[in-house]
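What follows is a set of notes on a single structure, which appears directly below.
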Amino acid sequence: MTGMTKRERLECTFRGEAVDRPAVALWRHWPVDDRDARALARAQVAFQREYDFDFIKVTPSSSYCLEDWGVRDMYRGSLEGTFEYTHYPIKKAEDWQSLPTLEPRQGALGRQLRCLELICEAVGEEVPFIQTVFNPLSQAKNLVGSDALLVHLRRYPRALRRGLETIADTTVRFVREVIKTGAAGIFLAVQHASYALLSEEEYTAFGRPYDLQILEATEGAWFNLLHLHGDEVMFDLLRDYPVQVINWHDRETPPSLAEAMERFPGALCGGLRQWETMVRGAPADVRAEALDALRQTGGQRFILGTGCVTPIVAPMSNIRAAREAVESYVA
């Protein structure tokens, strides 16, 4: 089979059709650089040019969508590249009522849209890129704090829903602008679809309706990826979401890749452990784990990647081993 473009390879992967080789993509955080549109775009493009992945997952800090609501955070050296929150603007349940809807072309959201425009200018149609979008419940957590969110969800559900409606409205407006930049779609990060945090009934009430609003706003997109974060994820509850790809910590929590192949008709992304393999392992370990993932899926409907972000301390040789693993795979 002759070589495919990245978009052709991905679209065939989504449909379960033959590909010239399995797709692969890793992504990471860019602490400090992610505070500036041009610096983040430059970092993302340089990483792509170094490793030639099949798409760029644009990864700003999780606070980019919250800065203009008064959240404050700082980078304190996390090896994953994440910031620590130092101020939550929601102090009591009543505060959800006064949360304003943000304009997507202004402030930090506007800065992120400018980053996407710069990436598009740099890569054109050659490299698809998708923007990280945190679902409304994840954004709410970072506005009030993890523990307080669960208290508000269970004791003050009406107030929290009001806040979630405002967050969803703001995010819908932002996502529509994301698609206008040339992005292929979004990476929808979901953090509470976990039995360790909520029941299915709770997620159905406080997560799912707002998630679907966000995905509906991607009209015209061809590549949406759902990321299920954490342990004991509610894979079956969300497997009917209108996305082309699902990504989760498949090496740490059910289902396995082989099991998920039977339960989701689209493509899966994962196969590599972010810490044990990508950071603490050697290139041979990366190649072995990649080969196991490719065998589980038969190299079909599969994108090789990590279950979550690749830590910023991952050795370059391990990243290169992941990229090269798909070149030598024979079904």
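Under a 5 Å amide H to amide H cut-off, with H placed in plane at 1.01 Å, what residues pair with Gly271 once short-range neighbours are removed?
Answer set, sorted by chain and number: Asp250, Arg251, Gly305, Gly307.
So how many Å³ per residue does the convex hull of the Cα atoms of the chain work out to?
116 Å³
Please list, or write none, the aspartates and glutamates whose alpha carbon is within less than 18 Å of the alpha carbon of Lys92, excluding same-chain residues fewer than 8 places away.
Result set, ordered by chain and number: Asp147, Glu165.
When the chain is treated as a GNM, springs tying every alpha-carbon pair under 10 Å, which of Leu268, Leu153, Leu257 comes out with the largest mean-square fluctuation?
Highest fluctuation among the options: Leu153.
Using a cut-off of 22 Å between alpha-carbon atoms, which lysines can reach Lys57, once sequence neighbours fewer than 8 places away in the same chain are excluded?
Lys6, Lys180
Who wins for biggest fluctuation among Arg158, Arg208, Arg21 in a Gaussian network model of the chain, springs between alpha carbons below 10 Å?
Of the options given, Arg158 has the highest mean-square fluctuation.
List His87, His249, His227 from most exposed to least, where exposure is judged by having the fewest other Cβ atoms within 10 Å.
His87, His249, His227
Among Leu26, Leu198, Leu304, whose mean-square fluctuation peaks in a Gaussian network model of the chain (Cα, cutoff 10 Å)?
Leu198
Membrane-span-like helices in the chain: DSSP H runs reaching 15 Å or more (Cα, own axis), mean Kyte hydropathy at least -1.0?
37-51, 107-123, 157-180, 283-297
Note down the magnitude of the dipole of segment 205-331 about its Cα centre, charges +1 on Lys and Arg C-beta and -1 on Asp and Glu C-beta and zero elsewhere, to the nearest 20 debye.
Dipole about the Cα centre, nearest 20: 360 debye.
Residue separation times 0.36 nm, minus the C-alpha to C-alpha distance between Arg176 and Met316: what's the value?
Result for the pair: 46.9 nm of gain on full extension.
For the chain, what does -39500 (n - 2.57) per DSSP helix run (n ≥ 4), summed and divided by total residues, give at 222 nm, in deg cm²/dmol to the nearest 500?
Per the formula, -12500 deg cm²/dmol.
Can you list the lysines whose alpha carbon is less than 19 Å from that of Lys91, not counting same-chain residues fewer than 8 positions off?
Of all the lysines, those that pass the test against Lys91 - Cα under 19 Å, at least 8 places apart if same chain - are Lys141.
Just to confirm the filter: which GluC sites (Glu not before Pro) across segment 53-103 are DSSP coil and have at most 16 other Cβ within 10 angstrom of their Cβ?
Glu80
A short reminder: the numbers here are calculations on the coordinates, not readings from a lab. Remember, it's a predicted structure, so these values are computed and weren't measured experimentally. Every residue, glycine among them, receives a Cβ derived from its backbone with ideal geometry; neighbour counts consider all protein chains shown.
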